[in-house]
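K.L.:
Encoded as structure tokens, here's the structure I'll be asking about.
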Amino acid sequence: KPEDADLLPVDKWILSKVNTLAKDVTENMDKYELGIAVQKVYDFIWEEFCDWYIEIAKVRLYKKEEDPKAANTALWVLKTVLANALKMLHPYMPFITEEIFCTLCPEEETIMLAPWPEFREDWVFPVAEAAVEKIKELVKGVRNTRSEMNVPPSRKAKYFIVSADSSLRKMFEENVDRFGHLISASEILVQADKAGIPEDAVSVVIPNAV
């Protein structure tokens, strides 16, 4: 298990998300709201874990030889979050979750005897959650604009992120390596004003930044 200091904001974000999921799903199941519970698990696995975390984690995995510590942190988070999600999915899909879980966690005898995920106070990371939601807004905005302009993903572009909010600028600067590949960036500059930006640059507006 990595030290807390080794966890990036995106790691804390997905741990915080699966933590909230465990709380919500347990409450739904206690009330026999089985359809609501499984929909939440489904949405989490596809929309948060697959669409975002796995894609962001790939950068560290590709650079495993350069930075094995960072790669191992990403692998630990991937395994931990997937194992918890499988446990919550198990009542609905017993056989496939058992097969995947036993391969993922050979130290466990069976998913049926593995402890059910419980809400943990040390996995509550509101600051990291807010930061990653901002990054998601940026990535979605850029991808939508590129799609509308028929710009292929293989074509890299230079990006300027402009915001008067110094804390927001700092957050983007610290996480450039996390999301740059998601928007096919050749370079990303974060600044407080529009100095040096070409007149013909395309603007994408997100909350508190352009």
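K.L.:
Can you compute the label reach from Leu34? Point 7 Å from Cα along the Cβ direction, backbone N cut-off under 14 Å, restricted to region 74-110.
P.N.:
Residues passing the 14 Å test: 89-94.
K.L.:
Further question on the same structure: Let me know the Rg and Dmax you get for the chain when you use only its Cα atoms, in Å.
P.N.:
Values for the chain (Cα only, Rg and Dmax): 19.4, 62 Å.
K.L.:
Which one, Gln39, Gly180, Tyr62, projects farthest toward the positive side of the charge dipole computed for the chain from Cβ point charges (K/R +1, D/E -1)?
P.N.:
Going by the charge dipole, the pick is Gly180.
K.L.:
Please work out the C-alpha center-to-center distance from region 52-119 to region 146-180 and express it in whole Å.
P.N.:
29 Å
K.L.:
May I ask you to list the trypsin sites (Lys or Arg not before Pro) in region 1-88 that are in a DSSP loop and have at most 12 other Cβ atoms within 10 Å of their Cβ?
P.N.:
On the way: sites: Lys12, Lys17, Lys23, Lys31, Lys40, Lys58, Arg60, Lys63, Lys64, Lys69, Lys79, Lys87; in loops: Lys31, Lys63, Lys64.
Counting only loop positions with at most 12 other Cβ atoms within 10 Å, the trypsin sites (Lys or Arg not before Pro) in region 1-88 are Lys31.
K.L.:
With every protein chain kept in place and ligands, DNA and RNA left out, what is the accessible area per residue of region 1-138? Probe 1.4 Å, answer in Å². All intermediate terms of the calculation are to be shown ahead of the outcome.
P.N.:
Working: 7710 Å² over 138 residues.
For region 1-138, the solvent-accessible area averages 56 Å² per residue.
K.L.:
Once you have the Kirkwood Rh of region 51-127 from its Cα pairs, apply Stokes-Einstein at 4 °C and 1.567 mPa s and quote D in µm²/s.
P.N.:
Values: Rh = 14.0 Å.
Using the Kirkwood radius from Cα pairs, D works out to 92 µm²/s.
K.L.:
How big is the Cα convex hull of region 11-84 in projection, averaged over all directions, in nm²? Please list the in-between numbers first.
P.N.:
Details: hull surface 18.4 nm².
Mean projected area of the Cα convex hull: 4.6 nm².
K.L.:
May I ask you to list the lysines whose Cα is less than 18 Å away from that of Lys1, ignoring any residue fewer than eight positions away on the same chain?
P.N.:
Lys12, Lys64, Lys69, Lys79
K.L.:
For the chain, the longest stretch holding no GluC sites (Glu not before Pro) located in a DSSP loop with at most 11 other Cβ atoms within 10 Å is which? Numbers along the way, then the final one.
P.N.:
On the way: sites that count: Glu3, Glu65, Glu66, Glu107, Glu109, Glu118, Glu199.
That gives 119-198 as the longest site-free run.
K.L.:
Let me ask another. Leu113 to Trp46: FRET efficiency via 1/(1 + (r/R0)^6), r the Cβ-Cβ distance, R0 35 Å, to the nearest 0.05?
P.N.:
Working: r = 27 Å, r/R0 = 0.78.
Computed FRET efficiency for Leu113 and Trp46 comes out at 0.80.
K.L.:
Also, I was wondering about something else. Report the net charge of residues surrounding Pro152, where surrounding means a beta-carbon distance below 14 angstrom and charges are Lys +1, Arg +1, Asp -1, Glu -1.
P.N.:
So the surrounding residues net to +3.
K.L.:
For the chain, calculate the relative contact order in percent as a whole number, restricting contacts to Cα pairs under 8 Å that are 6 or more residues apart.
P.N.:
Working: 205 pairs, mean separation 46.9, N = 210.
Relative contact order, the chain: 22 percent.
K.L.:
Give me the angle, in degrees from 0 to 90, between the Cα long axis of helix 34-43 and the longest principal axis of the Cα atoms of the chain, rounded to the nearest 10.
P.N.:
Relative to the chain, helix 34-43 is tipped by roughly 40 degrees.
K.L.:
Under 5 Å between amide hydrogens, which residues at least 5 positions from Val190 or on another chain qualify, with H placed 1.01 Å from N in the peptide plane?
P.N.:
Ile161
K.L.:
Compactness ratio of region 93-210: Cα Rg over 2.2 N^0.38 Å, N = residue count? Provide the component values of the computation, followed by the final result.
P.N.:
On the way: Rg = 20.4 Å, N = 118, 2.2 N^0.38 = 13.5 Å.
Taking the Cα Rg and dividing by 2.2 N^0.38 Å, one obtains 1.51.
The values are calculated or read from the model by the stated rules, or taken from the named source; none is laboratory data. All figures in this text were calculated on a predicted structure; none of them were measured in a lab. We place every Cβ from the backbone using ideal geometry, glycine too, and count neighbours over all the protein chains shown. Side chains included, ligands, DNA and RNA excluded: accessible areas come from the protein's heavy atoms. Shrake-Rupley method; radii C 1.70, N 1.55, O 1.52, S 1.80 Å.
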